[in-house]
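The values are calculated or read from the model by the stated rules, or taken from the named source; none is laboratory data. Being a predicted model, the structure only gives us computed values, none of them experimental. With ideal geometry, Cβ positions are generated from the backbone for all residues, glycine too; neighbour counts draw on all protein chains shown. Remember, those area values only see protein heavy atoms, side chains included, never the ligands or the DNA or RNA. Shrake-Rupley method; radii C 1.70, N 1.55, O 1.52, S 1.80 Å.
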Amino acid sequence: MHYHNLIADLFSNASGLPLVDVFELIEFPPQEDQGDRAIPVFRFSKERKKSPQDLAKEWAAAINSQKLPSEISKVEALGGYVNFYFDTPKFAQAITKEIFNNKSFGKIDQHDPETVIVEYSSPNIAKPFSIGHLRSTNIGASIARIMEYRGHNVIRINHLGDWGTQFGKLIVAYKKWGNEATLKNDPIQELFKLYVKFHDEEGKDPSLSNQAREAFTKLEQGDLEAKKLWDTFKQFTLDELSTLYKRLGVKFDHYWGESFYVEHMPKLLKLLETEGFSKHSEGATIVDLKEEGLGVALLQKGDESSLYLTRDLAAAIYRHEKFNFDQMIYVVGAEQRLHFQQLFKILDMIGHTWSKNCEHVAFGSISFGDEKMSTRKGNVVFLADVLQKAKDEALRIVNEKNSDLENKEEAAEKIALGAVLFADISAKRIKNVKFSWEEILSFDGETGPYLQYSLVRTKSLMNKFGKNVEMISDFSIFKEKEEHNLVRALSLFPIFLERAEREREPFVVGQYLINLTKSFNRFYNAHRILDGDAASINARMLLVKCTSDVLTQGLNLIGIPTLERM
């Protein structure tokens, strides 16, 4: 912020623009040789009746006519931008001291922290965890970590899909084709096979659909046999999820599935009817939102079975009553956009003005090859299988490159997780992700293992250094462009964290870490860090230590495991 204050003062004096407006304009040049910060002037061109290039030259000249502070070495116009270059020694001193003295660089201690609910993962019980569930889990966990690091009180909720007609289907399938011994031997795979078999048989025998609806209605009405089977299916799922979430490094404060809110729905439905917001249509209960451009929202079927939207309405109200949250974020696929538009609109209609603080954080679909996954069709790629195949490949590479490595199994597990989890956030969340085994298992280029290996390189240097890295007193030793560019990259961490929080976008952190690592590796390849006089070695090791600290923190925020050796 000190540097931003300096830039804003200089630019405001030269242009006459208010300081607060100038702050919003400050950007970061994409190329390292274009300076450390820049301000675009395009939007003022018409008003000032000058081309952006001429306006940038005029304002750069006006800034240079002032006495530049010692922290800024040069100001120049480049196209329609005014670019600012920082003095390397002073810049290095400011940034390394902040990182060295603050083990949580970029972390904010909010004076008035907000309470933020993040709902993510939310798999259906009685089904294996597919690669399709990875996106909500990985993106949501990363958003939660980033927001917590930025000083918010974060409440993590796993809204399990544990209610609905699909459980009527599963109950019917189990009673027709399942048996207890097979279920206990491999419960989730057996339940999955039964679910797929139900849909295969449903095509031949349409009466199965009515049987499933009747079974779920019995479950909602408290039928003891149906409830016992449902409890069994759910417990098997929770046991498997616990193991998987531990493997992924993911945690939750509450496992509140849809069934948790069932008892709250009668009161909600009565309110909607009494206030005239809902009506009956062909036996079902609906809210007509056509005038809002949101179609018809279905709340209850003719057999009085509840629906996903009804349960989400009850969940939102319950959560606000319990936590009085400032923000609630739903990390759910983009195909559910209309659902959340209807949800937020109905909440607003019945007087819950806090609905404006609810946000659907959408993400694109995931597929293998050309086929989108469908549980009903059975063409599901299980996350456990993906992780195992990635681990096998990682172990093969470790044996080739470093056969003497201790704890090779543990290293392969962490490398596999790094590969898969980073691949998932290597593009903006709204984009569809098309995974192939080659992409997931690639250990070259902009990948999780590339980041992990670069961190290991910093740790290896510190081990070879053989003593604690200490803060230096003479920063005039920093003169090389690779040193300056690494400091520049380090300085951007808090800024990109703020952007990741604002945009709900873990991709921003991932790409920042890739750019930081590239800057570090250029620095590493250009200089023999542990050769030379003591002052040079100590100074460069300070940059290594700062890079290691920032890279470690960044990887932790996006859930990538770190290693000491690989």
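Summary table
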{"read-out": "In Å², nearest 10: area of THR353 left accessible to a 1.4 Å probe", "value": "90 Å²"}
{"read-out": "Per-peptide average of other Cβ atoms within 10 Å, ordering 538-549, 248-259, 269-280 highest first", "value": "538-549, 248-259, 269-280"}
{"read-out": "Gyration tensor verdict on region 435-530 (Cα atoms; rounded if a/c is under 1.5, prolate if a/b is larger than b/c, oblate otherwise)", "value": "oblate"}
{"read-out": "Extension gain from SER403 to VAL262, taking 0.36 nm per residue of separation minus the Cα-Cα distance", "value": "45.2 nm"}
{"read-out": "With DNA, RNA and ligands ignored, accessible area of LEU134 (1.4 Å probe; Å², nearest 10)", "value": "0 Å²"}
{"read-out": "Accessible surface, region 77-116, averaged per residue in Å² (probe 1.4 Å)", "value": "50 Å²"}
{"read-out": "Integer Hz, Karplus 6.51/-1.76/1.60 couplings in order for region 43-55, x for Gly and Pro", "value": "5, 9, 4, 5, 4, 8, 6, 9, 5, x, 5, 5, 5"}
{"read-out": "Shape call, region 164-235: gyration tensor on alpha carbons, a/c limit 1.5", "value": "oblate"}
{"read-out": "Residue pairs, from the table LYS234/LYS389; LYS218/LYS301; LYS127/LYS169; LYS246/LYS434, whose Cα atoms sit over 23 Å apart", "value": "LYS234/LYS389; LYS246/LYS434"}
{"read-out": "Distance in nm between pseudo-label sites at ASN101 and LYS345 (7 Å out along the Cβ direction from Cα)", "value": "5.4 nm"}
{"read-out": "Net dipole in debye of region 50-118 [+1 Lys, Arg Cβ; -1 Asp, Glu Cβ; about Cα centre; nearest 20]", "value": "260 debye"}
{"read-out": "For CYS358, distant residues with modelled amide H under 5 Å away", "value": "MET328"}
{"read-out": "Extreme residue, positive dipole direction of the chain, given options LEU338, ALA215, SER136 (C-beta unit charges)", "value": "SER136"}
{"read-out": "Net charge dipole size for region 424-505 [Lys, Arg +1 and Asp, Glu -1 on Cβ; Debye, nearest 20]", "value": "100 debye"}
{"read-out": "Charge dipole of the chain about the Cα centre (unit charges at C-beta), most positive-ward option of ASN83, PHE507, PRO40", "value": "ASN83"}
{"read-out": "All-pairs Cα distance distribution in region 379-429, expressed in whole percent, bin size 5 Å", "value": "4, 21, 25, 20, 15, 9, 4, 1"}
{"read-out": "Peptides ranked, highest mean first, by Cβ atoms within 10 Å: ranges 462-470, 340-348, 317-325", "value": "340-348, 317-325, 462-470"}
{"read-out": "Amide H contacts of SER130 (H built 1.01 Å from N, under 5 Å, at least 5 apart or other chain)", "value": "LEU383"}
{"read-out": "Relative contact order of the chain, pairs being alpha-carbon contacts under 8 Å that are 6 or more residues apart, as %", "value": "15 percent"}
{"read-out": "Dipole-positive endmost among PHE28, GLY168, GLY302 within the chain (Cβ charges, Cα centre)", "value": "PHE28"}
{"read-out": "Whole-Hz couplings from phi, Karplus 6.51/-1.76/1.60, listed for region 545-559; x for Gly and Pro", "value": "4, 5, 4, 4, 5, 5, 5, 4, 5, x, 5, 4, 5, 9, x"}
{"read-out": "Extended-chain gain in nm, criterion 0.36 nm per residue less alpha-carbon gap, ASN556 and ALA334", "value": "77.3 nm"}
{"read-out": "Heavy atoms of TYR149: accessible area, 1.4 Å probe, square angstrom to 10", "value": "20 Å²"}
{"read-out": "Partner lysines for LYS545 [C-alpha distance under 23 Å; skip if fewer than 8 residues away on the same chain]", "value": "LYS90, LYS97, LYS103, LYS107, LYS414, LYS459, LYS464, LYS467, LYS479, LYS481, LYS518"}
{"read-out": "Assigned charges on the beta-carbon of Lys, Arg, Asp, Glu; region 1-138 dipole about Cα centre (debye)", "value": "260 debye"}
{"read-out": "Protection-proxy order for peptides 85-95, 107-117, each taking the mean of Cβ atoms within 10 Å per residue, highest first", "value": "85-95, 107-117"}
{"read-out": "Under-5 Å amide H pairs with SER73, H placed in peptide plane, nonlocal only", "value": "TYR85, PHE86, ASP87"}
{"read-out": "Gyration tensor (alpha-carbon) shape descriptor, region 263-344, a/c threshold 1.5", "value": "oblate"}
{"read-out": "Residues of region 205-221 with amide N under 17 Å of a point placed 7 Å along Cα→Cβ from LYS175", "value": "206-221"}
{"read-out": "Accessible area of region 439-566 belonging to carbon and sulfur atoms, whole % at 1.4 Å probe", "value": "45 percent"}
{"read-out": "Hz values of 3J(HN,Hα) by residue in region 448-462 - Karplus curve (6.51, -1.76, 1.60), Gly and Pro given as x", "value": "x, x, 5, 5, 4, 5, 5, 5, 4, 4, 5, 5, 4, 4, 5"}
